[in-house]
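A quick write-up on the structure given underneath.
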Amino acid sequence: MAKTEFSVYKTFSQCKLFKLLLFVIIFIAFLPPFSSSLSFNFYAISCPAAEMMVKNTVRSASDLDPTIPGKLLRLLFHDCFVEGCDASVLLQGNGTEKSDPANKSLGGFTVIDSAKRLLEIFCPETVSCADILALAARDAVEFAGGPSIQIPTGRRDGRISLAANVRPNIIDTSFTLDEMAKVFSAKGLSMDDLITLSGAHTIGAAHCSAFSDRFKLDANGNLTFIDSSLDRQYASQLIKKCPNGATDDSITVRNDPSTPFLFDNQYYKILLEHKGLFQSDSALLNDERTKNRVLEFANNQDSFFESWRVSFLKLSSIGVKTDDQGEIRKSCSSINT
Ligand code: HEM
């Protein structure tokens with residue numbers, strides 16, 4: 001090959017190579033970012049004892065106070081539905097989610113703080129508050145007698161927490177089934193997830209204000225209204241417990257009076273007896289779309305547990321922040337400065 005012929009060929013092939021390189025660069029630039037996701041044993045190398053430390057903290061707290069599992073489970077629900085599972089509900093301060101009246105009765109914060117303090121000693125700035133909360137709620141269910149579930153980790157903590165975001169995302173007990181399903185659907189959860197996750201009301205308690213809209217007394221204390229989907233005798237018991245209606249905010253009633261601290265399928269049995277505490281609970285029995293599943297769960301705890309595993313995984317993965325999103329907080333109640 002002549003010298004000129006060779007250099008033309010070289011220039012030509014270099015040009016082709018350059019074009020190919022350019023194409024690859026442009027192609028990569030327009031690719032969507034690498035899909036970020038949670039993974040099992042995320043802390044296997046960075047903090048192998050992380051899950052054990054959370055578990056031990058939840059175990060000690062629940063042994064001392066059997067109301068803790070219910071509090072932790074509800075805390076996760078309220079975290080994940082607002083801004084995703086990013087521990088935004090734990091942030092303190094004026095105008096944060098925690099300060100909204102809808103979150104007034106949340107509890108379990110001290111358990112998360114204890115686990116975080118322990119983790120900061122052994123694995124500083126490594127384990128997110130969002131993961132601690134998800135693991136704690138998972139463990140809480142197990143300690144209360146519910147199914148054990150392996151959940152993926154790698155959530156990062158959010159830096160945004162606004163009270164204004166709470167009401168549009170959290171369900172009120174007065175919601176119809178369609179309204180509840182709509183909120184769940186916006187979070188990627190199905191009607192089946194709604195029926196299943198409502199089973200969380202097999203543990204824990206509620207303040208009078210959460211169910212006193214189901215009956216009305218006149219000035220003389222006579223019953224003037226009673227929600228027809230509520231068992232009359234049960235309503236009378238509730239009225240006795242909450243004689244001043246919604247204003248009795250120091251009184252709590254157990255969601256499942258027969259096994260209040262046991263995570264079982266009793267909730268669905270209660271629904272069949274028309275003794276679901278909230279109007280939103282009774283709604284599950286009163287609609288053909290959900291009734292059969294309620295019946296199934298009431299008759300078969302294994303079926304409820306099987307479904308719980310699937311729905312809990314979905315709940316604890318809503319809108320998670322991963323990779324370079326958010327941060328790993330040093331303290332769960334405030335963002336890093
Ligand atoms: C579907 C609609 C839901 C409504 C309308 C609802 C409403 C409520 C209300 C009003 C309370 C009582 C709060 C109080 O007065 O202190 C409560 C308690 C509770 N909720 Fe729900 N909830 C719903 C779904 C869920 C879900 C999905 C979970 C968890 C997966 C959950 C877990 C709990 C627990 C464990 C308690 C007891 C809390 C404690 O003992 O401190 N709830 N819920």
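The values are calculated or read from the model by the stated rules, or taken from the named source; none is laboratory data. Predicted model only: the values in this text are computed from it and were never measured. With ideal geometry, Cβ positions are generated from the backbone for all residues, glycine too; neighbour counts draw on all protein chains shown. Note: areas computed on protein heavy atoms with side chains; ligands, DNA, RNA excluded. Shrake-Rupley method; radii C 1.70, N 1.55, O 1.52, S 1.80 Å.
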- Computed for the chain: size of charge dipole around the Cα centre, +1 on C-beta of each Lys and Arg, -1 on C-beta of each Asp and Glu, debye to nearest 20, value 880
- Whole-Hz Karplus ³J(HN,Hα) for the stretch 206-216, in order, using 6.51 cos²θ - 1.76 cosθ + 1.60 and θ = phi - 60°, x for Gly and Pro? 9, 7, 3, 4, 6, 9, 6, 6, 8, 8, 9
- Query: Among residues other than ASP302 whose Cβ falls under 12 Å from its Cβ, what is the net charge (Lys/Arg +1, Asp/Glu -1)?
  - Reply: -2
- Judged on accessible area alone, 1.4 Å probe, highest first, ASP249, ASP63, ASP281 line up as ASP63, ASP249, ASP281
- Positive-end residue of ASN56, GLY245, ILE132, charge dipole of the chain with Cβ unit charges: ILE132
- Could you check how much of the accessible area of the chain is carbon and sulfur, as a whole percent, using a 1.4 Å probe? 58
- Item | Kirkwood hydrodynamic radius of the chain, from inverse mean 1/r over distinct Cα pairs, in Å | 22.1
- Task: Please work out the FRET efficiency for the pair ILE160 and ASP248, using the Cβ-Cβ distance as r and a Förster radius of 30 Å; give the result to the nearest 0.05.
- Result: 0.30
- the stretch 177-315 pair-distance distribution - Cα-Cα, 5 Å bins, rounded %: 2, 10, 19, 21, 20, 13, 9, 4, 1, 0
- Computed over the stretch 194-241, the Cα gyration tensor eigenvalues, each multiplied by 5 and square-rooted, give semi-axes in Å (largest first) of 24, 12, 9
- Task: Would you calculate, for the chain, the mean residue ellipticity at 222 nm contributed by helices, counting each DSSP H stretch of 4 or more residues as -39,500 (n - 2.57) and dividing by all residues, to the nearest 500?
- Result: -14000 deg cm²/dmol
- Message: Keeping all protein chains in the complex and leaving out DNA, RNA and ligands, what accessible area do you get for CYS208 with a 1.4 Å probe, in Å² to the nearest 10?
- Response: 0
- Percent of all alpha-carbon pairs of the stretch 50-165 at distances over 17 Å, whole number, is 51
- For the stretch 50-165, give the magnitude of the charge dipole about the Cα centre (Cβ charges: +1 Lys/Arg, -1 Asp/Glu; no others), in debye to the nearest 20. 100
- Query: Can you work out D for the stretch 112-257 in µm² s⁻¹ from Stokes-Einstein, where Rh is the Kirkwood radius over C-alpha pairs, the temperature is 10 °C and the viscosity is 1.306 mPa s?
  - Reply: 85
- Query: Along the positive direction of the dipole of the chain (beta-carbon charges: Lys, Arg +1; Asp, Glu -1; about the Cα centre), which of LEU162, SER148, TYR267 reaches farthest?
  - Reply: LEU162
- Item | Simple Cβ-charge dipole of the stretch 177-315, Lys/Arg +1 and Asp/Glu -1, about Cα centre, in debye nearest 20 | 140
- Item | Gaussian network model of the chain, springs between alpha carbon atoms under 10 Å - residue of VAL89, VAL253, VAL320 with greatest fluctuation | VAL253
- Query: Of all GluC sites (Glu not before Pro) in the stretch 234-302, which ones are in loop regions per DSSP and have a Cβ with at most 14 other Cβ atoms within 10 Å?
  - Reply: GLU273
- Taking Cα atoms, how many degrees apart are the long axis of helix 177-186 and the longest axis of the chain, rounded to 10 and kept between 0 and 90? 20
